[in-house]
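Have a look at the structure below before the remarks.
The values are calculated or read from the model by the stated rules, or taken from the named source; none is laboratory data. A quick note: this is a predicted structure, and the numbers were derived from the prediction, not measured. Keep in mind that these areas ignore ligands, DNA and RNA; they rest on the heavy atoms of the full protein, side chains included. Shrake-Rupley method; radii C 1.70, N 1.55, O 1.52, S 1.80 Å.
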Amino acid sequence: MLVREATFTVNLGENGYLIGFDDDYEWPKEMPFGWRCGPATDTNAVVLPTTDTGPMQMTIQVHDGPPAPQAGGGWEAAEEISLRADFPVLCLAVIRQSDFWDPWPDQEPPLEVPRSANDEEWVRMRLYCHVDNSEPGIGDRGERHLVQLWRAPQAPGVHPELTDADRQARAEYAAQMGVPVEEYTTTYTVSYTPDNPPA
């Protein structure tokens, strides 16, 4: 049974969004290329929309048990993952180029996943996506996401099969994340003259 629902518009950044049960956000060590969502940590998932930068409608539902599959609406096949929810209030963050931004609407009360009768610490997240224009791009792509949450034991994720291109993209991202920050630092030599003294 549906316990709570929140629907609002999110203005996306360039790198999707994080959703889960911890607001101590870090840049994901892995990106789920080939999937819509994947675990960033035990408590958070990273979601990759089609929209590069622009608006997306999001509906988040809390259920007291597994909801029936969504029929109609032009949804893509659903994906599912398990997230640990010791702290049951949902957190949401858009991933921008160098930071994270909380898009939760001020007028919308915090969304909490109630404890189950057996005090289950895990939550199942099911993600449905629809997009009118499937080519990645800036602006309104007619994209909407439906996120359904309910208490359930930890279980393997449900995702489409990965392609070789997906594996290559994941490997390239992992290699990029492995480069020390110092290697991105550039040193410039500044020469001072009587006409250009130190400040």
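Looking at the chain, the accessible area is 57 square angstrom per residue; that uses a 1.4 Å probe and ignores ligands, DNA and RNA.
The solvent-accessible area of Asp164, taken with every protein chain present and a 1.4 Å probe, is close to 120 Å².
Label the range 51-107 by shape, choosing from rounded, prolate and oblate, from the square roots a ≥ b ≥ c of the eigenvalues of the Cα gyration tensor; if a/c is under 1.5 it is rounded, and otherwise prolate applies when a/b is larger than b/c, oblate when it is not. In terms of gyration-tensor shape, oblate.
Round to a whole number: what % of the accessible area of the chain belongs to carbon and sulfur, probe 1.4 Å? Could you put the intermediate results ahead of the total?
Details: 5780 of 11310 Å².
C and S atoms contribute 51 percent here.
Scalar couplings 3J(HN,Hα) for the range 48-57, obtained by applying the Karplus form with A = 6.51, B = -1.76, C = 1.60 to θ = phi - 60°, are 10, x, 6, 5, 6, 8, x, x, 9, 7 Hz; x denotes Gly and Pro. Hey, in the GNM for the chain with a 10 angstrom Cα cutoff, which one of Gly72, Gly178, Gly54 fluctuates hardest? Among Gly72, Gly178, Gly54, the largest GNM mean-square fluctuation belongs to Gly72.
Couplings for the range 58-73, taken from phi via the Karplus curve 6.51 cos²θ - 1.76 cosθ + 1.60 with θ = phi - 60°, read 10, 10, 10, 10, 10, 10, 8, x, x, x, 5, x, 6, 10, x, x Hz in order; Gly and Pro are left as x.
Here the Gaussian network model covers the chain, with springs between Cα atoms less than 10 Å apart; of Gly13, Gly139, Gly73, Gly73 fluctuates the most.
Highest mobility in the GNM of the chain, judged by mean-square fluctuation with C-alpha springs under 10 Å and restricted to Thr43, Thr59, Thr189, is found for Thr189.
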